Structures are given as C-alpha cells and as structure tokens.
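What follows is a set of notes on a single structure, which appears directly below.
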Amino acid sequence: MEERFEYYMPTRIVSGSGCVQKNASLFRVYGERALIVTGKSSAKNGALSDVEGVLRGNGQSYRVYDRIPNNPTVESVTEGARIARECGADFVVAIGGGSPMDAAKAIAMLARQDAKEGLFAHAIGEDVLPMLHIPTTAGTGSEVTQYAIITNDEKQTKTSIAAKSLFPQVAFLDGEYMKELPQDIAVNTALDAMSHAIEGMLSVRAGVFTDALARESLRLLLGERKALSEGTYTAESRQNLLHGSTLAGMVIANTGTTAVHGMGYSLTYFHQVPHGRANGLLLPAFLRICAKQIPQRIEEIYAAIGMGEEAFSAFVDALLGRRETYQDSLLRAYAEKASLNKNIKNCMVYFSEEDLYAVLKASLSK
Ligand code: NAP
Ligand code: FE
C-alpha cells in the first residue's frame, strides 16, 4: 500500500432515530428558501414530512421537486436547476436513495454554474448551493461523497461528475426511513455498499484510514447477513446497514471505485439491472481474479468480511437469486467499454480487456 495518501471528509454527520427533527438548527443556517430534491418514496416513509416540518418550524420556505427517476438523467437535473433558480433556492435538501442524492448535487451546482459546454465537460467550480442529504437506502454513501453519477446517453453509460464542492454539508442518518424498504432494494443497496468497501481496499489510493473505515463497514454490513438473507430487520439492523454504507461512502470518497463499478454501468445502462445488483453479480469473479495476483491483500479482505471465499460467494449468490445471462458478443462489448473507464486504472490489479471479459463471462454467460 502507498505510504503517502490524503484523507478528506468535510461532511458533518448526525445519526440516530429522529435526527432530522432533533437537529432543526442545522437547516436554519443555510438561508430562507430550500429546494427539496427527492423521488416518490419519501412521501410515504416519513422523511419528506419530517423535513417539511423542520423547515416550517424554522420559518423557512421550500419547494419540492420529486421527479427524479432511478439513474438520474441530464434532463431531470437541468429541470431541477431551473426550478432552483426560479424559486431562488438558497440551499438544497436531498431525500432518497443514490438517485435523488446524486441528482441534488448536480442541481445544486447547475443552479449556480451555467455549464454551457455540457454537464460532463464542465469544469466544476466552487460556487454550489449548500446541501443537506438524507439517505433512505443503505447503499451508495452519496451523502458523504463528492460524486454524482448521471446517465450519459451520448456515451451510452453512466458518468461520474466529481468535485470537492459537491460534498454535502450535512448527512442525516436515520434508519427508520427504511422501515418499508422492499427486500430486493435492501439487498441490492447492501451489495453496493459492500462493493464500495471492498473496491476501496483494492484501490491504489487505499491507505490506513480508508482501510480502517472499510473494515468497520464490512463488519457492520456482514454482521447483518442473517437479516439480509431472511429479509427481517430490526431498528438496530437498519441503522447498522446505514452506518456500514456511510462508512463505505467515506472510503470511496477517498479511494474511488474500480473495475466492478466500471463493468456494472453497462448492465444498468443497457439492461436496467439495479446498480447494486450489477456490482453483486460481478464481485465474486472479480475477487477470484484479484486473488491470483495479490493473494495476501485478498485474504485481508476476506478476514474483514468474516467469511472465506466460498462462503462469501454462496452468500452473495443466495442474495442475488437467479442470475441474468447475456450473449457472448454483448459481454465482449461491455468488456471493451469498461476498459475505457477511468476507474480501471484505480485498481491494485491491472485488468486488461481480456480480464474484464473473463469476469463478465464467469458471472453472466448464457
Ligand atoms: P435509487 O435509484 O435511489 O432508489 C431505488 C428505488 O428505491 C427507487 O424506486 C426509490 O424510490 C426506492 N426507495 C428509496 N428509498 C426508499 C425507502 N426508504 N422505502 C421504499 N422505497 C425506497 O437506488 P440506490 O441504489 O440508492 O441509488 C442508485 C444510484 O446511486 C445509481 O444512480 C448509482 O449510480 C448511484 N451511486 C452513487 C454513488 C455516489 O458515490 N454518489 C455511489 C454508488 C452509486 P424513489 O426514488 O421514487 O423515492
Ligand atoms: Fe456504487
């Protein structure tokens, strides 16, 4: 591992049941008008009404923009930014899974920067509306990262825009909002979080701090393997999964992700495979290839997981159920696409296009 590294985490984190209402003062400092960016589920799980109650109590006005689709599009963030400008928003509150949380970052930026050259070509400046993020899935860690992953139709993939100014100011972690989370989404998002912690440990930018966070993340996430397998969650298990996911977010904010995410984007873009599921499908085969080159590091990862290779593979398989399968020509094309992704260079193990194809084939061949 590199001796020299940097660790940066500017986001304030508050956690626990009722933390939004108990910390109303954290909303007050960001101005008079808020734009709430969310999807449809926050109106049902209590998160939206908690935020509205806090803003009203603070004497702040707000507008709700709840048309963020899964895998946010350039159109949706452009419209959100137009509304933010129209209502004179001073700050943004994001509520939801990674889709609304990522969209909110692009909206907070586009509300202040023209990005005439296009969202993906734009050099993101400092001037971004302050953001408060409330995750309602335990997966992406977007509440503590500087990344917003937006669908890129021109390149037929998902592209990450990143800048230090995209870190949210505050993250509120309340697992109660996940009470009615459907089991498939709970599983997919947990796989995403595990993938972040594991890929973070395999990043060329890993260091002792990110390793410490990744190990604790895996301890918490895998500590809930029974809950994940059976689909029965307590308040404590939800909070553990959420903490595990946020810790993994703190890891990738500093390490980035690697080939698993790089390959997964094609499955999501072309076949609508949910993001976390895409990672879960590829993770065991990816680890097997890494093990050939850096066996000791992979052993450290399985020690952090608390299971051996076979047991972990079987656990992931059981969570995934029946795997998707694709024709060989498609897998070849996705390997080529993934080889162009910048996060390939981020891995301790070099994955050639042939290696990427081997992972895709082992995971998804017909
Ligand atoms: P998501 O796309 O945000 O949400 C998946 C589904 O879950 C949606 O239908 C959503 O409904 C619903 N949902 C969310 N919270 C719920 C709750 N508490 N109860 C019931 N339903 C709920 O999924 P995600 O896996 O959290 O996020 C995936 C996105 O994040 C992808 O675009 C991925 O690329 C990105 N990502 C970002 C980072 C990062 O560092 N920024 C890292 C990894 C992944 P509504 O949306 O309608 O509410
Ligand atoms: Fe992810």
Out of L110, L119, L218, any idea which swings most in a Gaussian network model of the chain, alpha carbons joined below 10 Å?
L119
Choice from L222, L283, L26 with maximal GNM fluctuation in the chain (Cα, 10 Å cutoff):
L26
Here the FRET efficiency for C87 versus K292, based on Cβ atoms and R0 = 41 Å and rounded to 0.05, is 0.15
Would you work out which of A108, S76, Y177 lies farthest towards the positive end of the dipole of region 12-177? Charges go on Cβ: Lys and Arg +1, Asp and Glu -1.
Y177
Zone of K361 (label point 7 Å along Cα→Cβ, backbone N under 16 Å): which residues in region 312-336?
326-336
In nanometres, the difference between 0.36 nm per residue of separation and the alpha-carbon distance of E300 and A162 is 46.7 nm
Per the helix-only model, the chain has a calculated mean residue ellipticity at 222 nm (DSSP H runs of ≥4, -39500 (n - 2.57) each, divided over all residues, rounded to the nearest 500) of -16000 deg cm²/dmol
If each residue of separation counts as 0.36 nm, what is the full-extension length gain between T325 and A311 once their alpha-carbon separation is subtracted?
2.8 nm
Around A311: net Lys/Arg minus Asp/Glu count, Cβ-Cβ under 11 Å:
-2
Please find, in a Gaussian network model of the chain (springs between Cα atoms separated by less than 10 Å), the residue of G175, G207, G308 whose mean-square fluctuation is greatest.
G308
Considering only the chain, what is the antiparallel percent among its DSSP beta bridges, to the nearest 5?
25 percent
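Throughout, read-outs are computed from the coordinates displayed, never taken from laboratory work. This structure is a prediction, so every number in the text was calculated from the model and none was measured. Cβ atoms come from the backbone with ideal geometry, glycine included; neighbour counts cover every protein chain shown.
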